[in-house]
């Protein structure tokens, strides 16, 4: 009898309601974060990044890195106009690797440097990166990597496809050239999703470390 009274008491229902409310709130947060992560993954999947790493952190090597950046962007001008997706952009890079290497070596020769330039396309981990008009979430992306000399210096990176940092010959490129409107909206309005970006960055950093250990 006491058990029945306890079950139907106000205190029991209050506690039960609070637990249910908390569970519903937690489920809603998890669902929202999962949806956000799915949109972040679309950005990672469909974007091609450019990553240039300097020989060292000396003032001269950092200057050379930026000069090589400018030369590569100038060389890339117009090359990606016909690329409709990341795969086509990667194909364009592969077809012009020697052109890009020659452009980089040209700058090194101007500085009297005899350093190798390794250029490759592969997976690379990036932290959350804020650009002028958008933010890209942390995680693993396909990237064109340009390693100058020992590649021990600070790096520079941007988005190669869609051509957000490469001068466009015919049109202004947008994130929606590669991803849907919702994914682009998240990247272009990062302050609105600041906490979720931080959670995703923490999760991706832990995942990346575990994968490297394994």
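Within the stretch 24-34, is there a residue that is under 30 Å from residue 202 (Cα atoms), modelled with pLDDT under 95 and in contact with a helix residue (DSSP H, G or I) (Cβ under 7 Å, 6 or more places away or on another chain)? Walk me through how you get there before you give the answer.
Taking the stretch 24-34 first, the residues under 30 Å from residue 202 (Cα atoms) are 24-34.
Retained after the next criterion (residues that are modelled with pLDDT under 95): 24-34.
Now drop any that are not in contact with a helix residue (DSSP H, G or I) (Cβ under 7 Å, 6 or more places away or on another chain), which leaves 33.
Yes, the stretch 24-34 contains at least one residue that is under 30 Å from residue 202 (Cα atoms), modelled with pLDDT under 95 and in contact with a helix residue (DSSP H, G or I) (Cβ under 7 Å, 6 or more places away or on another chain).
Quick check on the stretch 145-154. Is at least one of its residues assigned to a helix (DSSP H, G or I) and either closer than 26 Å to residue 75 by Cβ or without any contact (Cβ under 8 Å) to a residue 24 or more places away in the chain (or both)? Looking through the stretch 145-154, none of the residues is assigned to a helix (DSSP H, G or I) and either closer than 26 Å to residue 75 by Cβ or without any contact (Cβ under 8 Å) to a residue 24 or more places away in the chain (or both). Summed over the stretch 150-183, residues that are crowded, with 20+ Cβ neighbours inside 10 Å and either modelled with pLDDT of 90 or more or in contact with a helix residue (DSSP H, G or I) (Cβ under 9 Å, 6 or more places away or on another chain) (or both) total 11. Residue 208 meets each of the listed conditions (1) assigned to a strand (DSSP E or B); (2) under 19 Å from residue 33 (Cβ atoms) apart from (1).
The values are calculated or read from the model by the stated rules, or taken from the named source; none is laboratory data. Note that the structure is predicted; figures quoted are calculated from it, not measured. Every residue, glycine as well, gets a Cβ built from its backbone with ideal geometry; the counts of neighbours run over all protein chains shown.
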